[in-house]
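Asker: Have a look at this one before I ask anything.
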Amino acid sequence: MWLSDQPFNELPELPPQQEVDSKAILRRCIGARSALAGLDQVCKLIPNQTILINTLLLLEAKDSSAIENIVTTTDRLFQYMQAENQADPATKEAIRYRTALLDGLGSISERPLNINTANTVCTKIINVEMDVRKVPGTAIVNEHRNEIIYTPPVGEPLLRSLLKNWEEYLHRENQVDPLVKMAILHYQFEAIHPYTDGNGRTGRILNVLFLIQQELLSAPTLYLSRYIIANKGQYYDLLLNVTREYAWEPWILFILTAVEETADWTSRKILAIKELMQSAQKHIQIELPRIYSHELVQIIFEQPYCRIRNLVEAGLAKRQTASEYLKKLVEIGVLREQKVGRDKLFIHPKLMELLQKPSNDFQPYMIL
């Protein structure tokens, strides 16, 4: 019998004993797979993947951190992305989420996803060496009611056994759709709760890495935490209902809906970024033909908070000339200059507005 304030040492191993291929789940899989395939195709319309990684991945980092009540702003993230040591603690932690995901991506390019990947990801997020919990005392508490809602298993040998089972199921060949398997793996990882901190964020990074390993995505562009934070109460309730009632179907349907809606939303956002880039490119070509280059446009979309050294490091110009280029872009309304301490930042207002608002409309650049 499960009790919220007692360690759930009876957590069942995978696979689930309940049905996970109901008609409702299979129907939802079709829509989710189609939306994900559409997203992957749209991503390829922007060959410079750094633009998407530097924008969408930071939005994912912000919202995944916010789910755990680590709150920063989009502006702070972009401002300090290249100066992490100057940021406040919450912004630093969110930036580390992005770094952890990229490190995880590098890891699975060399060896398949496994529990060591999770350890590495969690270590990067928390910024201290993380391994399986060795002492009891971890519990999930409802902050509003100040009551324990879930106590994960305790005991290092048991945790390692459960994680071994999780890893075996991850790599097991079966007839389960990969998106359904991702939902199952995500629940199990969160229920095991192997670390003293960082479990939720690590689990959400593992979702994206799993989709890439399964070749359902070619880049980490699925901004899934946007849907989760908008439905945070339901997310935690459905996780808990799997524990209480083995209610797998509602949980899996929630994750499949999250994938479908997020993939569609992200596809539309990427298409809007592409349209804005085309508008900026035409505007700069006409207004500043002497300094225009494809590489210059790429940089101001890679770095919404651009610095002079970004142009220097890209080999576009020496420092003084690079500064002149950016000031010219300010004069024609593409960038806005802002001094922060000793730093001169050149902000891309239209891109920042597009990234922060729910809609994808924008005012094209006007020819002066």
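The values are calculated or read from the model by the stated rules, or taken from the named source; none is laboratory data. All of these numbers come straight from a predicted model, not from anything done at the bench. Backbone-built Cβ (ideal geometry, glycine too); neighbour counts: all protein chains shown.
Asker: From the set of residues in segment 332-343 that are touching a residue at least 12 places away in the same chain (Cβ under 8 Å) and assigned to a strand (DSSP E or B), which is nearest to residue 366 (Cα to Cα)?
Answerer: Checking each candidate, the answer is 336.
Asker: Only one of 333, 315 is within 21 Å of residue 50 (Cα to Cα) and either of a type in the set (S, T, N, Q) or surrounded by fewer than 18 Cβ atoms within 10 Å (Cβ to Cβ) (or both). Can you tell me which?
Answerer: Answer to the check: 315.
Asker: Would you check which residues across segment 73-115 are in contact with a helix residue (DSSP H, G or I) (Cβ under 8 Å, 6 or more places away or on another chain), under 23 Å from residue 215 (Cβ atoms) and not in a loop (DSSP other than H, G, I, E, B) and list them?
Answerer: Correct list: 98, 100, 101, 102, 103, 104, 105, 107, 108, 115.
Asker: If you take the residues in segment 233-277 that are among the small types (Gly, Ala, Ser) and without any contact (Cβ under 8 Å) to a residue 40 or more places away in the chain, which one is surrounded by the fewest Cβ atoms within 10 Å (Cβ to Cβ)?
Answerer: By that ranking, first place goes to 233.
Asker: Among 188, 213, which is the only one that is at pLDDT 95 or above and either of a type in the set (Gly, Ala, Ser) or surrounded by fewer than 21 Cβ atoms within 10 Å (Cβ to Cβ) (or both)?
Answerer: 213
A quick yes/no check of all residues on (1) in a loop (DSSP other than H, G, I, E, B); (2) modelled with pLDDT of 95 or more:
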residue: 221; (1), (2): yes, no
residue: 233; (1), (2): no, no
residue: 236; (1), (2): no, no
residue: 239; (1), (2): no, yes
residue: 243; (1), (2): no, yes
residue: 255; (1), (2): no, yes
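Asker: With the condition kept exactly as written, say whether any residue in segment 285-305 is under 30 Å from residue 210 (Cβ atoms), in contact with a strand residue (DSSP E or B) (Cβ under 8 Å, 6 or more places away or on another chain) and buried (at least 22 other Cβ atoms within 10 Å of the Cβ).
Answerer: Scanning segment 285-305 turns up at least one residue that is under 30 Å from residue 210 (Cβ atoms), in contact with a strand residue (DSSP E or B) (Cβ under 8 Å, 6 or more places away or on another chain) and buried (at least 22 other Cβ atoms within 10 Å of the Cβ).
Asker: State yes or no: is residue 362 at pLDDT below 95 and not assigned by TED's automatic domain parsing to the domain that holds residue 204?
Answerer: Answer is yes for this residue.
Asker: Then there's this: For residue 139, only one of the following conditions fails: (1) in contact with a strand residue (DSSP E or B) (Cβ under 8 Å, 6 or more places away or on another chain); (2) within 20 Å of residue 108 (Cα to Cα). What is its number?
Answerer: (2)
Listed here are the residues, each with its yes/no results for (1) in the same structural domain as residue 107 (by TED's automatic domain parsing); (2) closer than 18 Å to residue 17 by Cα; (3) out of contact with any Asp or Glu (no Cβ under 6 Å at 6 or more places or on another chain).
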| position | (1), (2), (3) |
| --- | --- |
| 185 | yes, yes, yes |
| 188 | yes, yes, yes |
| 192 | yes, yes, yes |
| 197 | yes, no, yes |
| 202 | yes, no, yes |
| 206 | yes, no, yes |
| 213 | yes, no, yes |
| 222 | yes, no, yes |
| 226 | yes, no, no |
